Amino acid sequence: MDRILLRFSEENVEEPITSQVILELGIPLRIVTATVNSLGGDILLEVPAVHVEKVVQAFRKKGVVVKFPKLIKVDSDKCFDCGACYALCPVDAIVYDEDYSVVFDEKTCIGSPCGLCVDACPARAITLVEQDRNNRK
């Protein structure tokens, strides 16, 4: 699954674009997170890798800005399990293990729309990296 970030403008936010694309293409899309109001908004989706280009084209045709968000990468050699990132994570993608080590759930993490953990890390062990899209068919 690849992640795409949809940016809706004030002009197109009132239209049921996401449901239209799902119905038109017949491709299941997982909404990871969404922040939408009358002024616009963002939706982070997971899309089956084989269908990414088709989904991206469909949203762009409807006037939605589509981006590929960056994902977190943790350097376990630098991380000293201080937990500064833990309290800031809005989606609970960071937890403590039984031995009190910090564990990152990359499937839950929303990546570059957030990035709070990157700024909070005193060891600079957390970075944002581009998604690997080379294996996509």
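The values are calculated or read from the model by the stated rules, or taken from the named source; none is laboratory data. The structure presented is a predicted model; accordingly, all values stated were derived computationally and were not measured. As a convention, Cβ positions derive from the backbone with ideal geometry for all residues, glycine included, and neighbour counts pool all protein chains shown.
Computed values, structure above
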{"quantity": "Of residues in region 17-34 being in contact (Cβ under 8 Å) with a residue 12 or more places away in the chain and among the hydroxyl-bearing types (Ser, Thr, Tyr), the one surrounded by the fewest Cβ atoms within 10 Å (Cβ to Cβ)", "calculated": "Thr33"}
{"quantity": "Subset of region 28-54 (residues that are more than 16 Å from the chain's Cα centre (by Cα) and within 21 Å of Lys107 (Cβ to Cβ))", "calculated": "Pro28, Val50, His51"}
{"quantity": "Pairs where the first residue, in region 91-112, is free of Cβ contacts under 8 Å to residues at least 60 places away in the same chain and the second is polar (S, T, N, Q) and part of a loop (DSSP other than H, G, I, E, B), C-beta under 6 Å, 6+ apart", "calculated": "Val91/Thr108; Ala93/Thr108"}
{"quantity": "Among the candidates Ala125, Ala84, Ala120, residue that is over 21 Å from Leu45 (Cβ atoms) and within 19 Å of the chain's Cα centre (by Cα)", "calculated": "Ala120"}
{"quantity": "Region 76-103, residues that are surrounded by 12 or more Cβ atoms within 10 Å (Cβ to Cβ) and touching a helix residue (DSSP H, G or I) at 6+ places or on another chain (Cβ under 8 Å)", "calculated": "Ala84, Cys85, Leu88, Cys89, Ile94, Val95, Tyr96, Val102"}
{"quantity": "Residues being of a type in the set (A, V, I, L, M, F, W, C), within 23 Å of Val91 (Cα to Cα) and outside any strand (DSSP E or B) - total across region 14-48", "calculated": "1"}
{"quantity": "When residues of region 59-70 are limited to those that are part of a loop (DSSP other than H, G, I, E, B) and over 18 Å from the mean Cα position of the chain (by Cα), the one surrounded by the fewest Cβ atoms within 10 Å (Cβ to Cβ)", "calculated": "Gly63"}
{"quantity": "Residue check, Lys73 surrounded by fewer than 18 Cβ atoms within 10 Å (Cβ to Cβ), assigned to a strand (DSSP E or B) and either in the same structural domain as Cys85 (by TED's automatic domain parsing) or in contact (Cβ under 8 Å) with a residue 24 or more places away in the chain (or both)", "calculated": "yes"}
